[in-house]
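Presented below is the structure to which this report refers.
The values are calculated or read from the model by the stated rules, or taken from the named source; none is laboratory data. Every value quoted in this text rests on a predicted model; they were computed, and no experiment measured them. A quick note on method: Cβ atoms are made from the backbone with ideal geometry, for glycine too, and the neighbour counts reach across all protein chains shown.
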Amino acid sequence: MSALQERLTLAISIAEEAGTLIREARVNQSFSQHLKADEELVTDVDVAVDSLIKERLNEHFPEEALLSEELSPEHALHTQTAALWVVDPIDGTVNFAQGLRHVAVSIGWMENGVTKVGVVHAPFLQETFSAAKELGAYCNQQPISAAHVSSLAETLVGTGFPYQREARQALMPRLSAVLANCRDVRRNGAAALDLCDVACGRLGAYYETVSPWDFVAGWLIAREAGARVGHLGEIPEGVPADLYPNELLVAAPGIYGAMEQLLLDAR
Ligand code: IPD
Ligand code: CA
Ligand code: CA
């Protein structure tokens, strides 16, 4: 087994262990919730899962840096660390708190700014998406690939909106262009899973501005599954594209160009 494959296997087992913790917390309804800054919901399960993942990664890779939503979100985008783990302990916190099933653990690993391992585990959907650079993308160990759509009219599009309500109005022109030209829109509430849904062809495209931990793992999974990944705006100098979370667009290759134009023209 290659070193990369070993990392992937380990990341899968850590994500699945974290998933068990999330499932148990729901069964026992044993969690409290509060708002972080800017209307953002967090539960104590988010923090407990982040701690578990941190502990496991420390056992195996004590020297490697960690960027995680709840425990170490302060790492700069410009991180020059050779090896970096990027973790969202619960992607879809609002779904988790509301009893919905679109919830995921997202674990990515980057080397010199390039994502090489990605795992997105959805404990309530019983799906584990995984990819390693140049080794393909999988769901529950079965190979997956992006959709073969060739027109916007047949493209189902995923997206999301920020917690801050006042920031939502500016996103309406793009949303309205998508609704007017594409098959329909889905807002499933977990960016990591939206990316995986593009990876396995359930969605034709996904666009959103998020945070690094929301997309690093799913981005690699989508790319390895043959989806085209990119940004609608400029990437600041010195920031690795695989870590830059603004204005993401991920789409089946057949409609990426049309989707990009549609979104850029919408204002
Ligand atoms: C959120 C989800 C959601 C996206 C938000 C994210 P969280 O992550 O991925 O789909 O629209 O931008 O913040 O807070 O549930 O980890
Ligand atoms: Ca998230
Ligand atoms: Ca989260």
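Residues that are at pLDDT 95 or above, under 21 Å from residue 112 (Cβ atoms) and charged (D, E, K, R): does region 2-11 have at least one? Looking for residues that are at pLDDT 95 or above, under 21 Å from residue 112 (Cβ atoms) and charged (D, E, K, R), one finds at least one in region 2-11, hence yes. I'm trying to understand the selection: among the residues of region 236-267, which are surrounded by 15 or more Cβ atoms within 10 Å (Cβ to Cβ) and without any contact (Cβ under 8 Å) to a residue 12 or more places away in the chain? Across region 236-267, there are no qualifying residues. Pick from 195, 220: which is farther than 21 Å from residue 264 by Cα and among the aliphatic types (A, V, I, L, M)? Within the list 195, 220, the selection yields 220. The residues listed here are 66, 84, 57; of these, the one that is outside any strand (DSSP E or B) and either more than 16 Å from ligand 2 (Cβ to nearest atom) or closer than 18 Å to residue 245 by Cα (or both) is 57. All of 170, 153, 147 fail the test of being over 30 Å from residue 27 (Cα atoms), assigned to a loop (DSSP other than H, G, I, E, B) and away from ligand 3 (no atom under 16 Å from the Cβ), apart from 147.
Restricting region 101-117 to residues that are more than 14 Å from residue 11 (Cα to Cα) and under 14 Å from the mean Cα position of the chain (by Cα) leaves a set whose member that is surrounded by the most Cβ atoms within 10 Å (Cβ to Cβ) is 103. Consider region 180-197 and keep the residues that are under 11 Å from the mean Cα position of the chain (by Cα) and outside any loop (DSSP other than H, G, I, E, B). The one that is farthest from ligand 2 (Cβ to nearest atom) is 197. Please tell me if residue 81 is over 16 Å from residue 110 (Cβ atoms) and assigned by TED's automatic domain parsing to the domain that holds residue 115. When the stated conditions are applied, residue 81 does not pass them. Evaluation of residue 17 against the conditions (1) acidic (Asp, Glu); (2) away from ligand 2 (no atom under 16 Å from the Cβ); (3) surrounded by 18 or more Cβ atoms within 10 Å (Cβ to Cβ) shows that the sole unmet condition is (3). Can you find a residue that is under 17 Å from the mean Cα position of the chain (by Cα) and within 12 Å of ligand 3 (Cβ to nearest atom) anywhere in region 58-68? Yes.
Among the residues of region 24-42, the ones that are exposed (fewer than 14 other Cβ atoms within 10 Å of the Cβ) and outside any loop (DSSP other than H, G, I, E, B) come to 8 in all.
Of the candidates 63, 70, the single residue that is exposed (fewer than 12 other Cβ atoms within 10 Å of the Cβ), under 21 Å from residue 216 (Cα atoms) and touching a strand residue (DSSP E or B) at 6+ places or on another chain (Cβ under 8 Å) is 63. Of all residues in region 25-46, those that are of a type in the set (Gly, Ala, Ser) have Cβ atoms under 7 Å from Cβ atoms of residues that are within 14 Å of ligand 2 (Cβ to nearest atom) and not in a helix (DSSP H, G or I), 6 or more apart or on another chain, in 32/43.
Has region 90-103 got any residue that is over 26 Å from residue 239 (Cα atoms), in contact (Cβ under 8 Å) with a residue 12 or more places away in the chain, more than 16 Å from ligand 2 (Cβ to nearest atom) and of a type in the set (A, V, I, L, M)? No, every residue in region 90-103 fails to be over 26 Å from residue 239 (Cα atoms), in contact (Cβ under 8 Å) with a residue 12 or more places away in the chain, more than 16 Å from ligand 2 (Cβ to nearest atom) and of a type in the set (A, V, I, L, M).
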